[in-house]
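**Q** Sharing a structure below in structure tokens format, with a few things to ask.
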């Protein structure tokens, strides 16, 4: 049995260089409160370090604050750069967040790909995969065992404990973000689900879904009841108007991703294309009718039942971001839910 279809909202807490970050913070809190009132199911906070040219408020304190502003919503870490972290630190912080949210935290994790982050944390990029795996195994053990003995090349848990335990049993959902094929196989083996990212073309994801299902079979695991996908989403009265309104901000975001050299599958055409080319098989942009049909096609093709929507980007006026999520809630949600 699959879970009901859910709609999540990405809240980056991100601002342009020189922008008043205190004002942006207050606007972000109002945005989260509005998402709660409009009937969204989850809030996702993104994470990067040294995110020039953007200012970026950090994930864990923001999730804790969001929980106070929108106590009904699930809170998703989307995604924590796990190879950079200590597993005991992550286990205790996210057990605390699970208590703060009343058992509604989601731990989204990923490898990371930016050299500036690995160098700053003193983690060789060549170690990111084994560190990721060891850290994730350790976190699950710390959440579910009284005391943990575990020695690796990167850390030692010598009768280490995580108290309090998370409220969710056996532990909070672990969503593993993955773009590359080996990472998708890892998501099947170690995660509760594959957290499908926003950047890869949907045609490529169709091929990767077959890979994911084979990896689940090899691990002896069923297809997850909850399958999340993050996508860039923007709606307006027409497709032409939607593109006109969002292109300056979304285009700048993807130019930054391209400059950061985000990992992409070999059969994806990449992020270094003109904005018009990026739209085709990557973003969900158009009128409510058009975007609803795009969402339903993804659901039918891939089994996605939790769409995590990025609808605002650095520099976008808060009034436009607010109008967008109001239209999504009032016109897009009903179309999708009625069709399902």
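Every number here is computed from the coordinates shown, using simple stated rules; none is lab data. Remember, it's a predicted structure, so these values are computed and weren't measured experimentally. Please note: Cβ atoms are built from the backbone with ideal geometry, for glycine as well, and neighbour counts cover all protein chains shown.
**Q** Measure out, as a whole number of angstrom, how far apart the alpha-carbon centroids of segment 187-223 and segment 125-157 sit.
**A** 23
**Q** For 209, 229, what's the fewest-to-most ordering of other Cβ within 10 Å of each Cβ?
**A** In order of increasing Cβ crowding within 10 Å: 209, 229.
**Q** Considering the chain as a Gaussian network with a 10 Å cut-off on Cα pairs, which listed residue, 315, 78, 112, attains the greatest mean-square fluctuation?
**A** 315
**Q** Using a Gaussian network model of the chain whose springs link C-alpha atoms within less than 10 Å, name the residue from 234, 66, 54 with the highest mean-square fluctuation.
**A** Of 234, 66, 54, the most mobile in the Gaussian network model is 54.
**Q** How much of the pair distance distribution for segment 20-74 lies past 17 Å, counting alpha-carbon pairs only, in percent?
**A** Summing the P(r) of segment 20-74 above 17 Å gives 38 percent of all pairs.
**Q** Once you have a ≥ b ≥ c as the square roots of the Cα gyration tensor eigenvalues for the chain, tell me rounded if a/c is under 1.5, and otherwise prolate or oblate according to whether a/b is larger than b/c.
**A** Because its axes are fairly even, with a/c under 1.5, the chain counts as rounded.
**Q** A follow-up question, please. Take the Cβ-Cβ distance between residue 146 and residue 49 as r, set R0 to 41 Å, and report the resulting FRET efficiency rounded to the nearest 0.05.
**A** Working: r = 33 Å, r/R0 = 0.81.
Efficiency, from the Cβ-Cβ distance: 0.80.
**Q** Under the definition of Cα pairs under 8 Å and six or more residues apart, what whole-number percent is the relative contact order of the chain?
**A** About 18 percent, as a whole number.
**Q** Just to be sure I understand: of the beta bridges DSSP finds with both ends in the chain, what percent are antiparallel, rounded to 5?
**A** 20
**Q** While we're here: Would you work out if segment 293-340 is rounded, prolate or oblate? Take a ≥ b ≥ c from the square roots of the eigenvalues of the alpha-carbon gyration tensor; rounded if a/c is under 1.5, else prolate when a/b is larger than b/c, oblate otherwise.
**A** oblate
**Q** Expected output is a single nm value to one decimal: the length gained when fully extending between residue 240 and residue 96, i.e. 0.36 nm times separation in residues minus the C-alpha distance. What is it?
**A** Fully extending the segment from residue 240 to residue 96 adds 47.3 nm.
**Q** Right, another one. What ranking do 48, 89 get, fewest neighbouring Cβ atoms within 10 angstrom at the top?
**A** Values: 48 20, 89 11.
Listed from fewest to most nearby Cβ atoms, that is 89, 48.
**Q** So, one more: Most exposed first by the Cβ proxy, i.e. fewest other Cβ within 10 Å, how do 126, 287 rank?
**A** If I rank by nearby Cβ atoms, fewest first, I get 126, 287.
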